Amino acid sequence: MVKRVFLLSIIFVLSVFYSVDIFSQTISETLSVQNPVSFAEKIGYINSKDILDSIPEKVKAAKVIEDLNQRYKDELGTMQADYNRKYSDFMTYQNSMTENIKLRRMQELYELEKSISQFMQIAQEDIESQEQQQIEPLRQKVKEAINQVGLENDFICIFDLANPSVSFVTPKAVNITPLVKRKLGIKISGAIKH
């Protein structure tokens, strides 16, 4: 299924490039314009992950998520240490325990295992929720900047290299990552090529 989607993506991308090239040739022949701008020259690409990682607010958001994750790890460590201590005690003294005490201790260990498992699930859900709350507004900010750059610079389409289904970028495509970074006020090094 993944291979089929990948193949369809490649066919779509190639057909877009081919159609744009034929369309631009037809237009230039029809209008008899000298040195017409090829529509393929207005196909751009970006790396949205690189842009997102460059936003200063992303570093702050990542720190909040990292701190939350560490607090959960610390609590989980405490719970696991308690479980390990009780399990070790049980293994050491089980032969000297009465059947009722042994069953009660086994039940207690089972409850601790269950509690640890539930805690891990809740922690994972909370971390994912916090990532969504912290990162999603930044993704929207990047998306809006990409749209603005596309409209302001008359791009026909912009491909995102962070999307693994795009595996081919024509040499005629323009990397507009620096333009989007500039739109977001992110310092960039080197010149922007158009």
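The values are calculated or read from the model by the stated rules, or taken from the named source; none is laboratory data. This is a predicted model, so every value here is computed, not measured. Positions of Cβ are backbone-derived with ideal geometry, glycine not excepted, and every protein chain shown enters the neighbour counts. Only protein heavy atoms, including side chains, enter the accessible area calculation; ligands, DNA and RNA are left aside. Shrake-Rupley method; radii C 1.70, N 1.55, O 1.52, S 1.80 Å.
Please find, among S115, S96, the residue that is among the small types (G, A, S) and at pLDDT 95 or above.
S115
Taking interchain pairs and intrachain pairs at least six residues apart, which have beta carbon atoms under 8 angstrom, with the first residue in region 51-62 and more than 14 Å from P137 (Cβ to Cβ) and the second among the polar types (S, T, N, Q) and open to solvent by 70 Å² or more (accessible area, probe 1.4 Å)?
Partner pairs satisfying both residue conditions: none exist.
For (1) among the polar types (S, T, N, Q); (2) at pLDDT below 85; (3) touching a helix residue (DSSP H, G or I) at 6+ places or on another chain (Cβ under 9 Å); (4) farther than 22 Å from L52 by Cα, each residue gets a yes or a no:
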position: F119; (1), (2), (3), (4): no, no, yes, yes
position: Q140; (1), (2), (3), (4): yes, no, no, no
position: A145; (1), (2), (3), (4): no, no, yes, no
position: I186; (1), (2), (3), (4): no, no, yes, no
